[in-house]
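Every number here is computed from the coordinates shown, using simple stated rules; none is lab data. Note that this is a predicted model, so its numbers are computed, not measured. Heads up, the Cβs are rebuilt from the backbone with ideal geometry, glycines too, and the neighbour counts pull from every protein chain shown.
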Amino acid sequence: MPIKYVPFIPEPVEGQAVLGNFSRILRYKGADEVSMTLQRGMPLYEMEKQETVGKNADGNMVIRGECISACAYLKERGIQVDLVYIDPPFASGADYAKQVYIRRNPKVAEAIAQAEQEVDIEELKAFEEKMYGDVWDKEKYLNWMYENLMAIKSIMSETASIYVHLDFHVGHYVKILMDEIFGDENYQNDVYWYYYNKLHGATKKVFPRATDMILYYVKNRDAGFTFHHLTEERDKPIKKLKYSFVNGHIQNDKDENGKSITYLSTERQIDNVWKISMLQPADKEEPVGYATQKPEALLERIIGASSDQGMLVADFFGGSGVTANVAQKMGRRFIHCDIGVNSIQTTRDRLRVNGTEFDVLEIKDGVQLYRNPVQTMDKIKSLIPGLRNEDSLDSFWEGAISDSKLGTIPVYVPNLMDSSSKLLDTVLVNRVIHQAIPELDSSIKKVIVYYIDITSEEEIRKFIAQDDSTTVEIELRDLKTVLDDVVIGDHAEFRCEQTSEGLFTGYTVTIDRFISDRVLGKIMEYNQKAMLNSKKAFNPIEISEDGLELIEFLSLDCTAAEGEWHSDSEIKIDKLGYVIRNGQKTKFFWDGTIQSDKQPKRLKIRNICGDETIWEV
Ligand SMILES: C[S@@+](CC[C@H](N)C(=O)[O-])C[C@H]1O[C@@H](n2cnc3c(N)ncnc32)[C@H](O)[C@@H]1O
């Protein structure tokens, strides 16, 4: 249960109806239900500090959790942001995947011998893992967006600006939502990102798509917001007339012979069409292998135009951490929030390389998410005993269970991607009784309703008992009991020895064996699928006995044996096998060890899919 609900909007002046402020312009299915969620407020959960990187005097935050809950936390703490950039899932119908790279095994001597050579990227064995789903129906998406935008607005300072990155799928709808939420008087621009060099197929009967739209609004135009004009270099310098303002009128400057004075202009003011490469420059270290990652150049413009040094920049759908990274490089403070573990890890490691200081925080919303909600949803379905797909049922039901006495039992499972469905309250039960059950076949005797959060079990049971419009039995089940089974730790065999070699005296932890059933299961699944689909001979991915190639990151905590993590020594193995030691890139392959000056108390290992397990040393 949330600790409490935080109002989306400031307390109204006495006598003023809060929701009366919002007259819906855009009518779509479910639009009215949003007001109920808004009335309830944003769920505030406990926040747990996972790690502090550096001293973090600026209070930079990397938050794992949902946008709305992160906003509740900020609002409760009275934190206001000066600039927001969000690039939310687009309702594009796509399922994004993460490329997972098997690392080089340090025990393979040949690999060590090649240490000085560049590794052929083709050699890398990568497989894909579903990262987050982006499949919605439009109405649901707009409801969800509305709540998120309302939550974000509630933590923006009066002088703040917001940029919402979208594309043709829903950009036009969200513009109307934005007008409604921020007021059309606070609309500034549509910025078009023109990714001119995207590769296009010639098969479709359409002009190749090469733009995204970014909606730019300010919180309150009259309050005075930050805006700096930006310039860029022209492709070719052009001759321009020199002019001055005389009595408020523009006038060409003339020389003593009365001829207009010209000059060569090498720069132009940046307008609202931004021509920025989609392909990440090969000489830059930008790409971090995150699907949908945006270029830093885009964020440099947004942050440069709409913030000053020291201001607080937030991205609530932070992904690869591009906003946080650019913000810190430009001397701004930042908040990065994302629901997926891969985003948090990618951002943490990306910021670490730059020596940035920040806290890693986790919202304890009662859901033990298995890396990301899509995977958790997939996993849950396989963990509910007997649950099978049932095509004859309405999409409200996740599937059904067969019972020898009761026959088919439809099962409702809340969608973890949709915060409004996580809480079982009388509104949802009402929907079950009056909409979902009446749609079922008359032979159905019982339904099962899973929940993550419940307002009050007693209240809900009383509500069901008092409603005599159905004879179908409604069983309530806590989904968290299922989720508890989802996370199984990895297994590691290691030794810790006091060592001194050359200038180093300290401790060396050697990893002898690493077994990750979770990754091995995925690889097996991948091999089987690839084998079935492959037209030519397929080389299955094979993992060695000691399994060290499944390790992506190791960290030693020499400070505390429990609680918040202190990364006193860390090694990241990049996809080519090179070691990044304490944020510093090296040209060495990993040798199967990690060292620290002080005696380690705990060891953390992250596998190549992103699961982290901690052992006492
Ligand atoms: C399009 S990606 C953002 C990419 C990012 N701009 C970048 O350049 O890397 C959208 C992100 O939103 C995250 N996400 C989805 N639903 C969310 C929610 N309710 N709260 C916070 N993050 C969410 C996904 O995990 C994903 O990383």
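Some notes on this structure:
- Counting only residues at least eight positions apart within a chain, or on another chain, the lysines with an alpha carbon under 24 Å from that of Lys598 are Lys49, Lys55, Lys572, Lys585.
- Residues Ser544, Ser534, Ser442 arranged by fewest to most Cβ contacts within 10 Å: Ser442, Ser534, Ser544
- Available extension along the chain between Ser534 and Asp378 is 53.7 nm, counting 0.36 nm per residue and deducting the alpha carbon span.
- Cα-centred dipole magnitude for region 373-483, charges only on beta-carbon of K, R (+1) and D, E (-1), debye, nearest 20: 320
- Label point 7 Å beyond Cα of Met278 along Cβ direction - residues of region 145-180 with amide nitrogen under 18 Å: 165-171
- Förster radius 30 Å - calculated FRET efficiency between Lys364 and Lys462 (Cβ-Cβ, nearest 0.05): 0.60
- Sorting Leu383, Leu406, Leu149, Leu393 from the fewest to the most surrounding beta carbons within 10 angstrom yields Leu406, Leu383, Leu393, Leu149.
- Neighbours of Ser265 by Cβ distance under 13 Å: Lys/Arg scored +1, Asp/Glu scored -1, total +2.
- In a fully extended conformation the segment linking Asn415 and Ile515 would gain 32.9 nm over its present Cα-Cα distance, using 0.36 nm per residue.
- In nm, spacing of pseudo-spin labels at Ser443 and Ala202 (7 Å Cα→C-beta vector): 5.7
- Computed extension length for Asn430-Leu26: 142.9 nm, one decimal, from 0.36 nm per residue of separation with the Cα-Cα distance subtracted.
- Exposed loop sites are taken as GluC sites (Glu not before Pro) in a DSSP loop (any state but H, G, I, E or B) with at most 12 other beta carbon atoms within 10 Å; the longest stretch of the chain without one runs 286-541.
- Prolate/oblate/rounded call for the chain, Cα gyration tensor, a/c under 1.5 rounded: oblate
- Theoretical ellipticity at 222 nm over the chain - DSSP helices of four or more residues, -39500 (n - 2.57) apiece, nearest 500: -6000 deg cm²/dmol
- The Cα center of region 498-550 and the Cα center of region 148-195 differ in position by 45 Å.
- Across Lys236/Lys329; Lys138/Lys294; Lys4/Lys364; Lys364/Lys480; Lys29/Lys140; Lys140/Lys175, pairs whose alpha-carbon gap is larger than 18 Å: Lys236/Lys329; Lys138/Lys294
- Modelled FRET efficiency - R0 35 Å, Arg495 with Tyr194, Cβ distances, 0.05 increments: 0.05
- D (Stokes-Einstein, µm²/s), Kirkwood Cα radius, region 373-483, 0.692 mPa s at 37 °C: 229
- Förster-model FRET efficiency, 41 Å R0, Thr226 and Tyr5, C-beta, rounded to 0.05: 0.80
- When each of Trp565, Trp615 is scored by the number of other beta-carbon atoms lying within 10 Å, the sequence from fewest to most is Trp615, Trp565.
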